[in-house]
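Trainee: Submitted below is the structure of interest, expressed as structure tokens.
The values are calculated or read from the model by the stated rules, or taken from the named source; none is laboratory data. Keep in mind the model is a prediction, meaning the values are calculated, not measured. Here the Cβ positions follow ideal geometry from the backbone for every residue, glycine too, while neighbour counts run over all protein chains shown. Just the protein is used for accessible areas: all its heavy atoms, side chains included, with ligands, DNA and RNA removed. Shrake-Rupley method; radii C 1.70, N 1.55, O 1.52, S 1.80 Å.
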Amino acid sequence: MLDAGGWFGETFRSEPLPTLASLGALLATPSAEGSTGLDLEIKPPLVHSAAEMVEAVRAELAQPVWADLVTAGEIVVTSFDPEVVTLAIERLSVPVGLLTAATPTPAEVPELAASGIAMLMTEQADVTAEAIAAGRAAGLRVGVYTANAPEWERVLALGVDAICTDDPVGLRARLEDHL
């Protein structure tokens with residue numbers, strides 16, 4: 001058996017490798033807190049082609065366990081890889097976002113929006129109010145990765161639409177405290 005947790009500590013030894021199917025089952029389970037959404041990132045292909053990666057995600061998201069989440073718009077597929085993004089836009093039934101290490105300038109945003117993406121996800125330390133405004137003007141949602149407790153206040157004040165975090169429970173509590 002493969003061990004996905006032993007590296008983290010003895011308590012986590014023998015933790016099975018997560019699969020998309022197990023994640024879908026977990027997310028499909030009703031929660032009193034509601035959904036947190038899912039940013040399903042397709043990493044740049046190393047072994048399989050971009051087309052094979054996108055097809056595998058398409059086949060998985062077609063499974064019944066994902067139906068309610070897909071219908072509710074709770075899933076976005078993102079990638080840094082332009083070929084993956086292009087193929088995902090063409091072949092997937094969910095919004096597709098472009099991950100960027102550097103926030104595009106406001107002048108670059110309309111061209112990105114014209115590519116068919118639904119979301120721009122940028123590094124949290126680099127996001128600007130101007131880029132968020134340009135994204136919204138172009139019809140895009142703008143999110144950040146990976147923002148944790150010290151960064152939440154700044155990115156929320158900027159008005160981002162989504163936050164990828166290592167602490168979804170903490171972020172949910174932060175958001176609920178200020179509603």
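Trainee: Residue farthest toward the positive end of the dipole of the chain, with Cβ of Lys/Arg at +1 and Asp/Glu at -1: which of Ala125, Phe12, Val142?
Mentor: Val142
Trainee: Per residue, how many Å² of accessible area does region 5-143 show with a 1.4 Å probe?
Mentor: 55
Trainee: Here are several values of P(r) over Cα pairs in 10 Å bins from 0, in percent: (1) 10, 38, 31, 16, 5, 0; (2) 9, 32, 37, 19, 3, 0; (3) 9, 37, 36, 13, 4, 1. Which one was derived from the coordinates shown?
Mentor: For P(r) over Cα pairs in 10 Å bins from 0, in percent, the calculated option is (2).
Trainee: Run the simple label-point estimate for Lys43 and Ala56 please: 7 Å along Cα→C-beta, distance reported in nm.
Mentor: Taking the two extended label points, one gets 1.0 nm.
Trainee: Within region 11-27, list the residues whose amide N lies under 13 Å from a label point set 7 Å along Cα→Cβ of Asp68.
Mentor: The answer is 24-27, whose backbone nitrogens lie closer than 13 Å to the label point.
Trainee: Give me the percent of the accessible area of region 83-122 that comes from carbon and sulfur atoms, probe 1.4 Å, all protein chains in place.
Mentor: 57
Trainee: Divide by every residue of the chain the summed helix terms, -39500 (n - 2.57) for each DSSP H run of at least 4, and state the resulting mean residue ellipticity at 222 nm, rounded to the nearest 500 deg cm²/dmol.
Mentor: -11000 deg cm²/dmol
Trainee: Next question. Run through every distinct alpha carbon pair of region 41-95 and return the Kirkwood hydrodynamic radius in angstroms, one decimal place.
Mentor: Taking every pair of different Cα atoms in region 41-95, averaging 1/r and inverting gives 11.3 Å.
Trainee: State to the nearest 20 debye the size of the charge dipole of the chain about its Cα centre, where the only charges are +1 on K and R beta carbons and -1 on D and E beta carbons.
Mentor: Here the chain has a charge dipole of around 260 debye.
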